[in-house]
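The values are calculated or read from the model by the stated rules, or taken from the named source; none is laboratory data. Computed from a predicted model, the values in this text were never measured in an experiment. Every residue, glycine among them, receives a Cβ derived from its backbone with ideal geometry; neighbour counts consider all protein chains shown. Heads up: the accessible areas ignore ligands, DNA and RNA and are worked out on the full protein's heavy atoms, side chains in. Shrake-Rupley method; radii C 1.70, N 1.55, O 1.52, S 1.80 Å.
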Amino acid sequence: MPAPLPHVTIVILNWNRKADTLECLDSLARTDYPSFSIVVVDNGSTDGSPETIEQWGREHLPLALIRNAENRGFVRGSNQGMRHALSTKTNYVFLLNNDTVVEPDALSLLVAATEHSGDVGMAGPKIYQHGKGRVLDSAGTRAIPWLAQGFLLGHGEVDHGQYDNPGDLPYVTGTALLVKRAVLEKVGLMDEDYFCYFEDFDWGVKAREAGYRLILDPRAIVHHKGSQTAGFNSPFYVRQRTRGQIIFARKHIPILPFLFAFLPYLVLYRYFRPAAFLVVRRRWLHLHALHKGIGEGFTSPVFHQGLDSSRSDEVQGT
């Protein structure tokens, strides 16, 4: 008798985006991988999302719904879902953005790629920009750790297979990330010093330090809507990205590179350059967000870890 397939818990975070979440769930209902369950964490939505998601679960696939009274952010909300997964006998967690559409064979391919080698701890798919054919959102990642700078390989390029063999990755983007249970138990959940942005980079560093490899399976395909909005479109993005980068640097860059590499880079390329752009465009809210992100990046505590989070999760099964 063949061994049973590893069980995967899919964790999705929702905040006032029920149409996107339902489309993501519909794509998961078409997956060809037979051994999975779904956990949706709702971060205090006011658009009727929880009720709609519960109804989808009754009509399509059973799911667990964690309802928060407020928006706890991507990291804390995702950690709630992963903590719920760890309370079961699941073998993997598939962390998935709610604005994604997953190809039917993506999960099967990711599990097979990860099971192939015992030292692989995380795996990610090739990600296309939703509705743009073969335009890449990412085909893996690369990083310059001493500048606290991560990059999405191939972002905005048409996919011709040019990034299909990137080698081991410095991190797997949290848009779609399969992680082994053993990694969660050894490394911990995502670091809750981050509200969003840079938490996946931080997690990847810790996983690699623990001896795990991080890989891309280019055959597995996920489509991502969020890649179509970037840059300075949101003051929230400016604030949280800036804050996250500084916190990452404080955690992971030794003092001399921090002083003589990261700080000049931050001042020249992450402050003066965007600030000049924002002043010229008169985007005062964005400029305020940039200043706020810098202030919070240097003053926020940097010792809190994901496994220390509150366990007061309200879980409902449908």
Scanning the range 101-128 residue by residue, those polar (S, T, N, Q) and under 18 Å from THR141 (Cα atoms) turn out to be THR114
Restricting attention to the range 27-76, which residues are open to solvent by 60 Å² or more (accessible area, probe 1.4 Å), closer than 21 Å to VAL93 by Cβ and either charged (D, E, K, R) or touching a residue at least 40 places away in the same chain (Cβ under 8 Å) (or both)? ARG30, ASP32, PRO62, ARG67, ARG76
Quick one: would you say ARG17 is open to solvent by 60 Å² or more (accessible area, probe 1.4 Å), farther than 17 Å from GLY174 by Cα and among the charged types (D, E, K, R)? yes
Considering only the range 135-146, I want to know if a residue exists there that is in a loop (DSSP other than H, G, I, E, B), within 15 Å of the chain's Cα centre (by Cα) and either on the phi > 0 side of the Ramachandran plot or surrounded by fewer than 19 Cβ atoms within 10 Å (Cβ to Cβ) (or both). yes
Kindly provide the set of residues from the range 239-270 that are among the basic types (Lys, Arg) and in contact with a Phe, Trp or Tyr (Cβ under 8 Å, 6 or more places away or on another chain), ordered by number. ARG241, ARG243, ARG250
For the range 232-239, does any single residue satisfy the condition of being over 30 Å from ASP26 (Cα atoms), in contact with a Ser or Thr (Cβ under 9 Å, 6 or more places away or on another chain) and aliphatic (A, V, I, L, M)? no
Residue that is farthest from GLU199 (Cα to Cα) [pool: residues in the range 107-134 that are touching a helix residue (DSSP H, G or I) at 6+ places or on another chain (Cβ under 9 Å), of a type in the set (A, V, I, L, M, F, W, C) and surrounded by 22 or more Cβ atoms within 10 Å (Cβ to Cβ)]: LEU107
Restricting the range 223-272 to residues that are open to solvent by 70 Å² or more (accessible area, probe 1.4 Å), among the polar types (S, T, N, Q) and closer than 20 Å to LEU285 by Cβ, which is modelled with the lowest pLDDT? THR229
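Have a look at ASP193, ASP159 and point out the one that is crowded, with 16+ Cβ neighbours inside 10 Å and modelled with pLDDT under 95.
Working: ASP159 fails: modelled with pLDDT under 95.
Of ASP193, ASP159, the one residue that is crowded, with 16+ Cβ neighbours inside 10 Å and modelled with pLDDT under 95 is ASP193.
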So which residues in the range 162-190 are open to solvent by less than 10 Å² (accessible area, probe 1.4 Å), assigned to a loop (DSSP other than H, G, I, E, B) and more than 14 Å from ASP217 (Cβ to Cβ)? GLY174, GLY188, LEU189, MET190
State all residues of the range 84-100 that are more than 20 Å from SER45 (Cβ to Cβ) and either at pLDDT below 95 or surrounded by fewer than 22 Cβ atoms within 10 Å (Cβ to Cβ) (or both); if no residue qualifies, say none. LEU86, SER87, THR88, LYS89, ASN91
